[in-house]
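Computed from the coordinates by the stated procedures, all read-outs in this text should not be read as laboratory data. Just so we're clear, the structure is a prediction, and the values are computed from it rather than from any experiment. Please note: Cβ atoms are built from the backbone with ideal geometry, for glycine as well, and neighbour counts cover all protein chains shown.
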Amino acid sequence: MFRFLMKLAATAAVCLPIVGVSVAQAEQLRMLNILDDRYPGTVGMSNAFVKMVEEASGGDISFSVFGPETVPPFEQLQPVQAGVFDIHFAYPVFHAGISTMGVGLETTTPDPVAYRESGIWDLFDRHYQSLGLKLISLPTSHGIHFVMREPLDGKDFTGLKIRGNPQTHIYIKALGGAPVVMPPGEIYSSFDKGVMDGASYPILGALGFKWHEVACCFTRPWFGALPHLILMNMDKWNALSAEQQALLLEQGRKLELEVRDTFTEWGEEEEKKLIELGMKETQFTDEAYGRLIDAFTEGTWSFAASRDPDVTAELKKLAEDAGLITRHWDQ
């Protein structure tokens, strides 16, 4: 796989389009996305960023985009570090084998201005630079829920198999569930075959994956934030002109400011469509939701510190000092 990707990078490098602009001016970036366009984050963050940069640069910066069909989601950060790809739309837990600190941001109120004013953005930038990557943008939306084959009816997850990424296991277990790791693309078939009872996932995405065809419900209240990253290979970043660097950072900042309102609107629209397609809410009891949030907060920070204890402690203090760690999200 890696040899193939290195060959792909070499081929792409010699095939950059030069019609209409000089080679010195044109810059085509090889971008790698964690998920395809069925995931709204790809559309509203990665694709939006691509469009913003291409328009702001007048086409002098363009992108060739690759997705999980090229590199599986949990294996994507290393080829970006190696320079096989130039830029990466990432979610922290997907590269937990290299760094875990970013997962801690899931417990915070998604506030792009506060992230910058508190020093959180700069901390992320310094940390990822130590890994050979430059932070371009930290777009964060909200929140997390569970898609279920059967309604909860006042029960918790006892006796149920629940799909979740590794950092979700503590709070799935806190509700009595048995956590299972699987990529989003396999959730539909696992529901359809009856081998999975529920799945932890962002509140946006069920519609694109058509889970309404094989699941009945989505849990409420939802919880948590969804930090995403746009990262660039450091060598590639250093090779850009100062003007190109400034343009990328400014469009990344603008993206952060737009994301929360966009995803709030999209979330309301998706929930309405899912209900029209036959899905319905299934409620946690107050007691179960309390257990969930306690385990979510404790487990998320514990997971974040599992590989990066020092920088995670610094991140948590910055978030606490800024009043960003919360048990209550706007519903």
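Can you divide the C-alpha Rg of the range 122-186 by 2.2 N^0.38 Å and report the result to two decimal places?
Working: Rg = 16.8 Å, N = 65, 2.2 N^0.38 = 10.7 Å.
This ratio for the range 122-186 stands at 1.56.
Per the Cauchy relation, a quarter of the hull surface: what is the mean projected area of the convex hull of the alpha carbons in the range 211-261, in nm²?
On the way: hull surface 24.7 nm².
Mean projected area of the Cα convex hull: 6.2 nm².
Could you compute the net charge surrounding Q244? Neighbours are other residues with a C-beta less than 10 Å from the C-beta of Q244; K and R count +1, D and E count -1. Don't skip to the end; give the middle numbers.
Details: positive: none; negative: E27, D60, E243.
Residues close to Q244 contribute a combined charge of -3.
Give, in whole angstrom and from largest to smallest, the semi-axes √(5λ) of the equivalent ellipsoid of the range 212-331, with λ running over the eigenvalues of the Cα gyration tensor. It would help to have the intermediate numbers written out before the result.
Numbers: eigenvalues 222, 111, 35 Å².
Working through the eigenvalues yields semi-axes of 33, 24, 13 Å.
Take the cross-link list K51/K273; K193/K273; K51/K134; K155/K272; K236/K317 and give me the ones stretching past 22 Å between alpha-carbons. Mind dumping the intermediate values first?
Values: K51/K273 27 Å; K193/K273 24 Å; K51/K134 20 Å; K155/K272 25 Å; K236/K317 32 Å.
Cα-Cα > 22 Å for K51/K273; K193/K273; K155/K272; K236/K317; rest within.
Take peptides 185-196, 162-173 and line them up by average Cβ neighbours within 10 Å, highest first, as a rough protection proxy. Intermediate results must be reported in sequence, preceding the final value.
On the way: 185-196: 15.6, 162-173: 22.2.
By packing density, highest mean first, the sequence is 162-173, 185-196.
Where in the range 40-120 are there GluC sites (Glu not before Pro) that are in a DSSP coil and have at most 16 other Cβ atoms within 10 angstrom of their Cβ? Write down the numbers at each step before the final one.
Details: sites: E54, E55, E69, E75, E106, E117; in loops: E69.
Qualifying residues, ordered by number: E69.
Can you give the Rg and Dmax of the range 84-148 based on its C-alpha atoms, in angstrom?
For the range 84-148, the Cα-based Rg and Dmax read 12.8, 40 Å.
Taking 20 °C and 1.002 mPa s as the conditions, I'd like the Stokes-Einstein D for the chain in µm²/s, using the Kirkwood hydrodynamic radius from alpha carbon pairs.
104 µm²/s
I need the shape label for the range 26-119. Rule: rounded when a/c is under 1.5, else prolate if a/b > b/c, else oblate, with a, b, c from the alpha carbon gyration tensor. Numbers along the way, then the final one.
Details: a/c = 1.75, a/b = 1.19, b/c = 1.47.
It comes out oblate by the Cα gyration axes.
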